[in-house]
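Asks: One structure, as structure tokens, below. Some questions next.
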Ligand code: SF4
């Protein structure tokens, strides 16, 4: 729409971790248009199909606008006071009867920063419970443990600009064209200006990204560990490592599990990491000959030598990028470590265009879950509950006795839902996510949630499968219906003002938490004034970051800017961390300093991590690989995008990609219904031969956006033992004509 009366204001996109800058047009308190924000320094006016559809996600015809309480098996309308009083009473009763380990809150990388902060403070400082988790555990936990174990600090050192500056972009199992389309657009634009730029696509199927790649390498599922070690083997054998960089900035370590970065129970880990020498590392790599790795991965020896050649060439700027393919992996932490190894060995890190970059899936998985610390073992700013000094800092800022903060980590996501099943947790609040569609091996957790004696609160915008499990449903205000802040993949914290009125009856998620806390007698933890609480909460949270190298901009600085990338010192953002002249925490003369890794003297760690096979592999009974991923038009379980008519028309329902020869052998025609079965469950859906992606023989693939098809009844819930992130990407299945 054009014409008089439209007011334009900045906001980030509501969907993915790129956090594109959007200009939002409103008229009389309603969002009537969006356009790309060409003043946005990161995304420069570009949006994808989801971004352009943002206004429609606010106006689906079935918005929840009234609290609901389950009575006689049915959800019936209630007032806010009735609903909030009931939630507060049930939390209080559970605490009194069973203690802090029986309550839980499960949020999201779509939580705004103040939502996640209110949740963590209410739980840790108010109730002494660490059962605070978010669905980012399911997508980014391995990235967190990868960063922590290699660099001693979470989140990337590089920046979006490096995508344009690199000579070689290696995509490790990352369908960037669909999952992060605006970033991929920037890659292609830079390739147009520099045709010598090379894009390498390592993947288990052909995707739209493969179509633009110079080299598409089809690898066997889980063979990425062997490939990375195989590249390192060639680099070491050829002496193509940066000895000076290694001598100044790297230590070598061995140890399979590494204690303390993810899981709660230290007793599970017997092997403390041990220092190793370069010679021991070289000996460890001996088995990863090109011939052995070729056999494991399906790549040719020539392809492995080409990959090693890119890292070996001192003139080339090489950037690695990954997302869920590496993180949703039974050895996700190791795989993150192994990619860093290649960049650390060759010094191709912390330089414009040379870096290793883990991209985030959700809009504030970084800014909220990772930075605020909405994982069961964490506190804000990379601190952990197990550390007494960290607890003391948190207690001082929160103005509570330090004894209030429980030193025992809570349950990670998968364990949290197992605890709900067992009855160890009986009172749970779920906000901004749809776990009874999105959890792996989901039927197991759906059964647990339906057991007697469980009390489940769900805050959401629309009815979902998960609201069907609720005892109380609370209607939420979303996106620009409230003031908020997100932190994107580029370490950019972005503020927006409230630009539209929420439907009458909807409240922000953080304010819902504050109202319940107040009813429990914990109101002193939180600001009282609806008009100013977002600023007050954020400024309190910011205190955790000041002076740590993760310093956030002030609320007023962020309000004025198109986001700022931390560390922000005196209003100046940082494009590249650990680099003299860019990162204010690196001293003059140091050049590069991994200063957050104090335990290793400011050096990064090259880890000796072996290749290990997948948790489940095809066999005679379940002969096919079942792989999952995202699709351009839809967001997660589709609760928003399936209410956008144009996106829904473009992709109206889920389907299974299958190779025509495999389908022929099963007697299945293109478009025919098939039943996919694993050891855990089954789903029936149509199949397609010529979809956007193309699977190799022996593999089928699907996406989980269609909540009417329970894809996750099939997936497995085995986890990376360090990060506790499940491996959604691969399991064994059988397919039959339905
Ligand atoms: Fe939104 Fe991501 Fe698309 Fe950008 S790339 S418009 S952040 S969904």
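The values are calculated or read from the model by the stated rules, or taken from the named source; none is laboratory data. Computed from a prediction, not measured in an experiment: that's the story for all the values here. In this analysis, Cβ positions are derived from the backbone assuming ideal geometry, glycine residues included, and neighbour counts consider all displayed protein chains.
Asks: Report the residue count in segment 52-78 for those that are without any contact (Cβ under 8 Å) to a residue 40 or more places away in the chain and under 14 Å from residue 478 (Cβ atoms).
Replies: Count: 2.
Asks: Working only within segment 535-550, note down all residues that are in contact with a helix residue (DSSP H, G or I) (Cβ under 8 Å, 6 or more places away or on another chain) and free of Cβ contacts under 8 Å to residues at least 40 places away in the same chain.
Replies: Residues satisfying the conditions are 535, 539, 542.
Asks: For segment 503-566, please list each of the helices (runs of 4 or more DSSP H) lying entirely inside it that holds at least 2 residues being out of contact with any strand residue (DSSP E or B) (no Cβ under 9 Å at 6 or more places or on another chain) and over 26 Å from residue 31 (Cβ atoms).
Replies: Because the criterion is at least 2 residues that are out of contact with any strand residue (DSSP E or B) (no Cβ under 9 Å at 6 or more places or on another chain) and over 26 Å from residue 31 (Cβ atoms), the helices (runs of 4 or more DSSP H) in segment 503-566 that meet it are 509-519, 533-542.
Asks: When segment 188-202 is examined, which residues are found to be in contact with a helix residue (DSSP H, G or I) (Cβ under 6 Å, 6 or more places away or on another chain) and either in the same structural domain as residue 631 (by TED's automatic domain parsing) or under 22 Å from residue 308 (Cβ atoms) (or both)?
Replies: Passing the criteria: 197, 201.
Asks: Residues that are within 16 Å of the ligand (Cβ to nearest atom): which strands (runs of 3 or more DSSP E) entirely in segment 1-104 hold 3 or more of them?
Replies: The strands (runs of 3 or more DSSP E) meeting that bar are 7-12, 21-27, 30-36.
Asks: Kindly establish whether residue 112 is out of contact with any helix residue (DSSP H, G or I) (no Cβ under 6 Å at 6 or more places or on another chain) and assigned by TED's automatic domain parsing to the domain that holds residue 412. Steps first, answer last, please.
Replies: Numbers: out of contact with any helix residue (DSSP H, G or I) (no Cβ under 6 Å at 6 or more places or on another chain): yes; assigned by TED's automatic domain parsing to the domain that holds residue 412: yes.
Yes.
Asks: Only one of these is in a loop (DSSP other than H, G, I, E, B) and closer than 21 Å to residue 203 by Cα: 620, 691. Name it.
Replies: 691
Residue-wise test of (1) more than 24 Å from residue 326 (Cα to Cα); (2) at pLDDT 95 or above.
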position	(1), (2)
632	no, no
635	no, no
638	no, no
652	yes, no
656	no, yes
662	yes, yes
677	yes, yes
680	no, yes
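Asks: Name the single residue, out of those in segment 177-201 being touching a residue at least 40 places away in the same chain (Cβ under 8 Å) and closer than 25 Å to residue 624 by Cα, that is surrounded by the most Cβ atoms within 10 Å (Cβ to Cβ).
Replies: So, considering only residues that are touching a residue at least 40 places away in the same chain (Cβ under 8 Å) and closer than 25 Å to residue 624 by Cα, the one surrounded by the most Cβ atoms within 10 Å (Cβ to Cβ) is 179.
Asks: Can you pull out every residue in segment 696-705 that is surrounded by 23 or more Cβ atoms within 10 Å (Cβ to Cβ) and in a loop (DSSP other than H, G, I, E, B)?
Replies: Hits for segment 696-705 are 704, 705.
Asks: Looking only at helices (runs of 4 or more DSSP H) that fall completely inside segment 298-378, which ones have 1 or more residues that are within 18 Å of the chain's Cα centre (by Cα)?
Replies: 324-327, 332-346
Asks: Looking for whichever is more than 23 Å from the chain's Cα centre (by Cα), on the phi < 0 side of the Ramachandran plot and at pLDDT below 95 here; the options are 559, 587, 598. Which one fits? Before you say what the answer is, go through the steps one by one.
Replies: Details: 559 fails: at pLDDT below 95; 587 fails: at pLDDT below 95.
One residue alone meets the criteria, 598.
Residues are listed down the side, and each one gets a yes or a no for (1) in a loop (DSSP other than H, G, I, E, B); (2) touching a strand residue (DSSP E or B) at 6+ places or on another chain (Cβ under 8 Å); (3) at pLDDT 95 or above:
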position	(1), (2), (3)
209	no, yes, yes
216	no, yes, yes
221	yes, yes, yes
229	no, no, yes
239	yes, no, yes
244	no, no, yes
258	yes, no, no
271	yes, no, no
279	no, no, yes
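Asks: So residue 631 fits all but one of (1) outside the structural domain of residue 694 (by TED's automatic domain parsing); (2) in contact (Cβ under 8 Å) with a residue 40 or more places away in the chain; (3) surrounded by 21 or more Cβ atoms within 10 Å (Cβ to Cβ); what number is the exception?
Replies: (1)
Asks: Would you pick out the residues in segment 615-625 that are at pLDDT 95 or above and either surrounded by 15 or more Cβ atoms within 10 Å (Cβ to Cβ) or in contact with a strand residue (DSSP E or B) (Cβ under 9 Å, 6 or more places away or on another chain) (or both)?
Replies: Passing the criteria: 616, 617, 618, 619, 621, 622, 623, 624, 625.
Asks: In addition: Given the conditions (1) over 23 Å from the mean Cα position of the chain (by Cα); (2) not in a strand (DSSP E or B), and given that residue 456 satisfies all but one, which numbered condition is not satisfied?
Replies: All conditions are met except number (2).
Asks: Next up: Across segment 103-140, what is the number of residues that are on the phi < 0 side of the Ramachandran plot, out of contact with any strand residue (DSSP E or B) (no Cβ under 9 Å at 6 or more places or on another chain) and modelled with pLDDT of 95 or more?
Replies: Looking only at that region, the number is 5.
Asks: For segment 11-30, which residues satisfy the criterion of being touching a strand residue (DSSP E or B) at 6+ places or on another chain (Cβ under 6 Å) and either buried (at least 21 other Cβ atoms within 10 Å of the Cβ) or touching a residue at least 24 places away in the same chain (Cβ under 8 Å) (or both)?
Replies: 11, 12, 13, 19, 22, 24, 25, 26
Asks: If you don't mind, there's one more thing I want to ask. What are the pairs, 6+ residues apart or on separate chains, where a residue within segment 34-51 that is assigned by TED's automatic domain parsing to the domain that holds residue 21 has its Cβ under 6 Å from a residue that is assigned to a helix (DSSP H, G or I) and near the ligand (Cβ under 10 Å from one of its atoms)?
Replies: 34/54; 43/182; 46/182; 46/185; 48/181; 48/182
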